[in-house]
Ligand SMILES: Cc1cc2nc3c(=O)[nH]c(=O)nc-3n(C[C@H](O)[C@H](O)[C@H](O)COP(=O)(O)OP(=O)(O)OC[C@H]3O[C@@H](n4cnc5c(N)ncnc54)[C@H](O)[C@@H]3O)c2cc1C
């Protein structure tokens, strides 16, 4: 009998647990440990943050799902992984043994990385959890009331740290605010600002994008510039907050400028770092610095020497393919929990105060699910064959991604931008530089109502799959 522990029940962890249970005989235990009793569908938090969806519509209660599937579920937070004893210690002091472990604990939201950032101790909002998105909606709707009363407002959305990722979600949020205000006849009462660490508009931490738009090659910078101008959104890119106070954002950028932006409502995504989990060896020593990168994300089979080689020398092969710890091969990391070898984008630059601004690489929900499933399949194969062979490998340089950024939720009047790309990490040995290192047949950009419908369908299909309802495994990641 083998015991597999999955830490985290998000996109990567929940997917891994469902596929492990599907593959493994009942004699083997699949055990999920996660501090939340629910699965959170993050993409719809954008709609929660503008008051168009209730927070509870974005979650699934996991206890009944796991009970039905025969998955053991412990609602607790892992604080230590004893790599040689093969045990996880949780915040409540319990210890659970494993034969295989998947770390799918996602990001720690590092609000502390920027003074004055975040809804708890700072002055800005976030849409990274359902609670945060609910609070963001309340504050946004107050700003809307003020506009209705004739008081002009400044709204800022974007990134709250020099090394933030997840620009796509913030971009979708600023678009939703624009179209919501337009719909309410209030757009003239609001100055809308896009504040981001990106090197170029539309970079989104993914590097220079070139898209096939109905047979014509177009750059994401040009497409995004057009969108932002059309929506009259002021853009401040290559920027980071120095500190944030009530209604004041002190900033600097890579062009040597600095200033203070007065705002009424701000939603800024924090830096994502690793969860605070310590790795302990047989002697009781803390070996977290060997198991993780300085940001606390778990090291896997990537080339971590490639980071210092610089953007011009980064290669597709630097990226991991099995997501397996090189030190403890029975430990895997899936989703945001694995340490990327380096960013995907070029650095934005260095500010006058000497801070490097560099968008971190995103690992979206789809990528997290693909990795979660593949890691689960590899573990199931090893258990079933009683060996240690890794049979499947999918580096992000051979992985597709699709993202739909809504502009408004309504399927009658809404619209969305749908982006497909292959591969996620550019590969300049397989695809030309002028194509951004990507396959132009599979890297496309569509904008319109059909994409808005796809976004709504995705919400329902995905929650159906994650609830493990009949036929769930036929719905692709
Ligand atoms: C507002 C927003 C919109 C987004 N929109 C999109 C989109 O449209 N498309 C897309 O593809 N991606 C989108 N993303 C990105 C996507 O949500 C992430 O890529 C995805 O959630 C990453 O999956 P994960 O499993 O690595 O982490 P998560 O989904 O964050 O899951 C982490 C899990 O680990 C648990 N956990 C945390 N600490 C511990 C611990 N110590 N012990 C045990 N468990 C722990 C958490 O409770 C959670 O269950 C969006 C993100 C945000 C914030």
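The values are calculated or read from the model by the stated rules, or taken from the named source; none is laboratory data. Only a predicted model underlies this, so the values are computations on that prediction, with no experimental measurement involved. All Cβ positions, glycine included, derive from the backbone under ideal geometry; neighbour counts span all protein chains shown.
In segment 112-130, the residue that is surrounded by the most Cβ atoms within 10 Å (Cβ to Cβ) out of those that are over 17 Å from residue 169 (Cα atoms) and touching a residue at least 60 places away in the same chain (Cβ under 8 Å) is 117. Across segment 460-477, the number of residues qualifying as farther than 13 Å from residue 369 by Cα, exposed (fewer than 15 other Cβ atoms within 10 Å of the Cβ) and touching a residue at least 24 places away in the same chain (Cβ under 8 Å) comes to 0. Checking residue 189 against (1) out of contact with any strand residue (DSSP E or B) (no Cβ under 8 Å at 6 or more places or on another chain); (2) surrounded by fewer than 21 Cβ atoms within 10 Å (Cβ to Cβ), only one condition comes out false. Which one? Only one criterion in (1) out of contact with any strand residue (DSSP E or B) (no Cβ under 8 Å at 6 or more places or on another chain); (2) surrounded by fewer than 21 Cβ atoms within 10 Å (Cβ to Cβ) is unmet by residue 189, namely (1).
Identify all residues within segment 332-349 that are within 16 Å of the ligand (Cβ to nearest atom), closer than 23 Å to residue 200 by Cα and not in a loop (DSSP other than H, G, I, E, B); write none if there are none. Those that are within 16 Å of the ligand (Cβ to nearest atom), closer than 23 Å to residue 200 by Cα and not in a loop (DSSP other than H, G, I, E, B): none in segment 332-349. Check whether at least one residue in segment 101-114 is part of a loop (DSSP other than H, G, I, E, B), closer than 30 Å to residue 17 by Cα and more than 12 Å from the ligand (Cβ to nearest atom), and report yes or no. Within segment 101-114, not a single residue is part of a loop (DSSP other than H, G, I, E, B), closer than 30 Å to residue 17 by Cα and more than 12 Å from the ligand (Cβ to nearest atom). Condition check: crowded, with 22+ Cβ neighbours inside 10 Å, more than 8 Å from the ligand (Cβ to nearest atom) and under 23 Å from the mean Cα position of the chain (by Cα). Does residue 18 satisfy that? Yes. Only one entry of 359, 322, 352 meets the criterion of being under 21 Å from residue 204 (Cβ atoms) and either within 14 Å of the ligand (Cβ to nearest atom) or part of a loop (DSSP other than H, G, I, E, B) (or both), and that entry is 359. Taking strands (runs of 3 or more DSSP E) as the structural unit, those lying wholly within segment 198-265 and holding at least 3 residues that are in contact with a helix residue (DSSP H, G or I) (Cβ under 9 Å, 6 or more places away or on another chain), in contact (Cβ under 8 Å) with a residue 12 or more places away in the chain and more than 25 Å from residue 442 (Cα to Cα) correspond to 233-236. Considering only residues in segment 291-312 that are loosely packed, with under 14 Cβ neighbours inside 10 Å and modelled with pLDDT of 95 or more, the one that is nearest to residue 429 (Cα to Cα) turns out to be 305.
When segment 64-80 is limited to residues that are part of a strand (DSSP E or B) and under 24 Å from residue 38 (Cβ atoms), the one that is farthest from the ligand (Cβ to nearest atom) turns out to be 72.
When you check residue 92 against the structure, is it free of Cβ contacts under 8 Å to residues at least 60 places away in the same chain, within 13 Å of the ligand (Cβ to nearest atom) and in a loop (DSSP other than H, G, I, E, B), yes or no? Taking the combined requirement at face value, the residue satisfies it.
For residue 28, the criteria (1) away from the ligand (no atom under 13 Å from the Cβ); (2) more than 23 Å from the chain's Cα centre (by Cα); (3) closer than 24 Å to residue 340 by Cβ hold in every case but one, which is (3).
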